[in-house]
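Bear in mind these aren't lab numbers, they're just calculated from the coordinates by the rules spelled out. The structure presented is a predicted model; accordingly, all values stated were derived computationally and were not measured. Neighbour counts run over all protein chains shown; Cβ positions are idealised from the backbone, glycine included.
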Amino acid sequence: MANWECPKCVSTLVTKPNETRNPMHPCRGMRGLVVPMVRAGVKSKLEIVERGDYIGKEKVQYDGEGRPVMSVVTTRDEGTDCTVYSPVAEMRAGE
């Protein structure tokens, strides 16, 4: 079994031994974004990276305060991970 926790809120989770996924959860401490959890006891930091580019007509991820978000970076002693919120383009037939 693996124990997981969020460094920004009180959420915890226990996964089965054969599960290979990194659990995600909607986090109050990260303005409502769905962010990854980290192994319990591991020092880590989560940081929101706001979009710095032109949005146009793309459908982008917004946080709970209405700011457009590009990604969340998870930093641990042994490395860094990045959760990317990819924009979605919309197209209509006949245009």
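Around the amide H of Arg51, modelled in the peptide plane, lie the amide H atoms of Val69, Met70, all under 5 Å away and 5 or more residues distant in sequence or on another chain. Potential lengthening of the chain between Met91 and Tyr62 amounts to 8.4 nm, from the contour at 0.36 nm per residue minus the alpha-carbon distance.
For the chain, a Gaussian network of Cα nodes joined below 10 Å ranks Glu58, Glu50, Glu19 by mean-square fluctuation, and the top entry is Glu19.
Please name whichever of Thr80, Cys6, Gly94 sits farthest to the positive end of the charge dipole of the chain, dipole taken about the Cα centre and charges placed at Cβ: Lys and Arg +1, Asp and Glu -1. Among Thr80, Cys6, Gly94, the one farthest towards the positive end of the dipole of the chain is Cys6. Remark: segment 43-58, residue by residue, has Karplus-estimated 3J(HN,Hα) of 5, 8, 9, 10, 10, 7, 10, 6, 5, x, 10, 6, 8, x, 9, 5 Hz, where x stands for each Gly or Pro and the curve is 6.51 cos²θ - 1.76 cosθ + 1.60 at θ = phi - 60°.
For the chain, what relative contact order do you get, as a whole percent, if you take Cα pairs closer than 8 Å and at least 6 residues apart?
Details: 162 pairs, mean separation 20.7, N = 95.
22 percent.
Here the Debye sum runs over all C-alpha atoms of the chain as equal scatterers in vacuum, and log10 of I(q)/I(0) at q = 0.12, 0.13, 0.17 Å⁻¹ comes out as -0.45, -0.52, -0.78.
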